[in-house]
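Please treat every number below as a calculation from the coordinates, not as lab data. Everything numeric in this text was worked out from a predicted model, so none of it was measured. Note: ideal-geometry Cβ built from the backbone for every residue, glycine included; neighbour counts use all protein chains shown.
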Amino acid sequence: MRTYIAKRLLLIVPTLLGAAALVFVIMRVIPGDVALLIFGGDAGGHIDPKQLAAMRERLGLDQPLIVQFGTWLWGVLRFDFGTSLWTGRPVIEELLVRLPLSLELALAATMVSVIIAIPFGMLAAIRQDTWIDYAVRVISIGGLAIPSFWVGILCILLLVIFFGWGPPLEFTPPWVDPWANFQMMIWPIVTVGYRYAAVTTRMTRSTLLEVLREDYIRTAWAKGLQERAVVIRHALKNSMLPVITLVGTEFAFLIGGLVVTETVFTLNGVGRFVVDAVAHRDYPVVQALIFLTAFSFVIVNLLVDLTYAWFDPRIRYR
Amino acid sequence: MTTGIRRHRTFTAFVILAVGCLAVPLVAGAQSTETPRRGGILLAAIGADAPGLDPHQEQTFATLQPVAPLYSTLLQIDPYGYPNVIGDVASEWKISPDGLVYTFKIRPGIRFHDGSPLTSADVRASYDKILFPPEGVRSIRKHHYSAVASVEAPDPSTVLFKLKFPSASLLTNLASPWNVIFPKKYLDKDPNYFKNNVMGSGPFKFKSYTRGSTFEGERNPDYFVKDRPYLNGYKYFISTETSVRAAAVRSGRAYVEFRDLPQAEVDAIKKHLGDKVVVQQTPFVIHFDVAMNNTVKPFTDIRVRKALNLGIDRYTGGRVLYGLTGLRDVGAFTRPNTEWAMAPAELEKYPGFGRDAEKNRAEARRLLAEAGYPNGFKVVLKNRNIKLPYQDWAVYVIQEWRKIGVEAEHRPLETAAWYADGRDQGNFEVMVFPTGHFVDDPDALLAPFITGSSQNWARFSNPGIDDLYARQARTLDPVERRKLVIELQKIVLENAYHIPGLWWSRNVVHWAKMKNWVAPPSHFTNQKLQDVWLSED
């Protein structure tokens, strides 16, 4: 196992290098001159060639491609992603403002989802075709069908209409003021967690149903084991692999993909930053954020792979 | 509220006007009989993030509202007497008998927030940047000052504007809230410095700005107006969602949304909070239109342009959209019922303004068929990602065009991308385009139709229009000027260069504890907040 972990950790290096190269190449093959795009035809399209050249120099675009890649990679290794063209601040500083919020939301929503989804998915599977199963299925289909932003707006409106209270409009980190943080974050966490739980509940139910029909489960029942032992010890762990994969990929997605929820709850997270950076043609930020997303997926996938072994002892890593 | 502009016609009488000591405290004192309370942070919700922080280079409330309290201007529109002009850094001014030299005296003792003194050199440098922008620097409103030949600073407290010809609008346009005074030393180093930075001499100092989230200012203890401001600071919360901003006001997380909220939201807030809130309703010097890119097919064809104009029933639109958005009045390019407006009977002769919508549509279909589009065509309608009223207006236009066979795909863009595609690059076919100004001034309202203007998103050029624009700008006789203004609008309408939409009206709802603020018919003026105070936190 140790060897496997070491191998997987080493494998991260070429994976990230490949991701970095891909991000770098994509940013350069997209049509249009980035420097020209940044000026955006200001002053009625009359762009000073000196300024254009200066911008190319500032972005390092006057260098050979391999030098540009090396410089960027060296910066990435030192957490130096360059300077945002939009805000004029280092990209890493801009990221550090937004990352705690996105991480908190992603972690808390994942926890909410797992806490809701596993028990309810199990309950629906072991009580298949009863009113409990129907109720779980209806609620989880609701979570899939109703857009998160609508649930979010509904949440805010109900709070304001019935309690005359609205969530704070500005993020306060939990280590600064936990209560203010809770007041703001609980609503997006519930909103995102509901959709996330809906997906996970359905996955838990269907995989558990499949496992419960296996021969070894029938044998366990025949041996006279109690329901709790059959379901939790024998069935649940074996049904968890697809669920773990789903939770992992959803978590990585949540770090950078919550644009609409962030907009509704006025959260200044990574998702909105990505969209704003693209809109402002903030080339260093876009490059950094795509790389960050790729990094999140690589790390989450590693954790998912390692978790497999704990859940399913049949998996032997070589 | 008076909707027209009170003109300063002093030059027509060839007399020297000295408007001295129009001190702001007098204005403030006239407003409130209650004793102002000091302290508190004014919390406001705003519907977009600023594409840039330099008001000379931007044209959106998203820039001006957050930064206006940080800056001073040469003159300003009276916060309590729209559209009268009063001084800001100028304490007095006079106009030469021939109307060709404007002399301004700068108040002594004004300091920028970095401690350096504000002198005539800073005023000159700021206006030079607006009037004669160096290469690579955008100046949105330079066409409003075509009369100005030069700006001079003969001594630290005097600024001279020398004109090529007498101008009817210059004094009003010098009160533009966009023309903030920057320190010369920063402009000398980089004329684009203020795109991302702030350094002013206004009642508040810059505190923090988190893009996409908040913008904060704090009290300037060295402000040149004694005992101002009353507030300790102000804070804008940015949200593009109308319902979120309305909920923020309703829950007291924000005390005001300065731009506008839909009537339905205002009614709900008023019903919920009763006397705790105040609603101010005014007209709005903004109309929401659709710009057609006249340089791309099929909009190079006048028949297609006319058809798209004919395809929109504006009268029904005004009735349907008012409750939802505040868009109501049908008019051309100057606000209805003002001295510059076209008479309704006259307007009805132009494409899209006839009262019989079915007849208009039949004519539109005929023109499209004649132009080679008997089954209509598909088009992308780009828009700003702000619901009120941009997207509501677009939805109405799309369903109207569908009736003449034109299928428009709605594509909302983030503010900066919308400006980049519309204003800067012309990367669009049709685009929702509002025209607004801080006063009803023809120089400003008609600038989108002159050749080469950065406000001419439709990118058409008509020497006749340019000539009329230049002539009206230098015509001092209001009757004669009105004729030219109307004639110019007729040419735009006849050629269907542009699609005029509906004029907006403004609903500002704020908590009653926010005192001493009056909503003018523009969300660009009265945003300095120097006289605003909170009766409680």
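Below is a table of values for the structure above.
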read-out	value
Simple spin-label estimate for B:Val296 and A:Leu107 in nanometres, 7 Å along Cα-Cβ	4.6
For segment B:283-505, the spread of Cα positions along each principal axis, largest first, Å	49, 38, 36
Rg [Å, one decimal], Dmax [Å, integer] - chain A, C-alpha atoms	24.1, 84
Ranking of A:Met1, A:Met185, A:Met27 by count of other Cβ atoms within 10 Å, fewest first	A:Met1, A:Met27, A:Met185
Dipole of segment B:283-505, positive direction: furthest Cα of B:Tyr373, B:Thr316, B:Trp393, with charges on the beta-carbon	B:Tyr373
DSSP beta bridges in the protein assembly as shown [antiparallel fraction, %, rounded to 5]	75
B:Thr242, A:Thr3, B:Thr282 arranged by Cβ crowding within 10 Å, fewest neighbours leading	A:Thr3, B:Thr282, B:Thr242
Mean Cα-pair separation over length for chain A, i.e. relative contact order, pairs under 8 Å, 6 or more apart, %	25
Trypsin sites (Lys or Arg not before Pro) lying in DSSP loop within segment A:156-265, provided at most 10 other Cβ fall within 10 Å	A:Arg213, A:Lys223
Given charges at Cβ of Lys, Arg, Asp, Glu: segment B:364-502 dipole, positive-most of B:Leu468, B:Leu488, B:Ala458	B:Ala458
Charge dipole magnitude, Cβ of K and R +1, D and E -1 - chain B, Cα centre, debye nearest 20	320
Leading residue at positive end of dipole, the protein assembly as shown (Cβ point charges), from B:Val296, B:Val101, A:Leu17	A:Leu17
Within segment A:172-250, GluC sites (Glu not before Pro) in DSSP loop having at most 14 other beta-carbon neighbours inside 10 Å	A:Glu214
Helix-only CD estimate at 222 nm, as mean residue ellipticity for chain B, using -39500 (n - 2.57) per DSSP H run (n ≥ 4)	-7500 deg cm²/dmol
More than 24 Å apart - percent of Cα-Cα pairs taken over segment A:77-178	52
DSSP-loop chymotrypsin sites (Phe, Trp or Tyr not before Pro) across segment A:246-318, with at most 14 other Cβ within 10 angstrom	A:Tyr317
Alpha-carbon gyration tensor eigenvalues x 5, square-rooted, for the protein assembly as shown, Å	53, 31, 29
Three-way shape label, segment B:299-408, alpha-carbon gyration tensor, a/c 1.5	oblate
Residues of segment A:46-89 with amide N under 13 Å of a point placed 7 Å along Cα→Cβ from A:Leu99	A:76-82
Volume in Å³ per residue [convex hull over Cα atoms, computed for chain B]	133
Per-pair calculated FRET efficiency, R0 = 22 Å: B:Ser116 and B:Ser157 via Cβ, rounded to 0.05	0.90
Size of electric dipole in segment B:283-505: Cβ of Lys, Arg +1 and of Asp, Glu -1, about Cα centre, debye, nearest 20	480
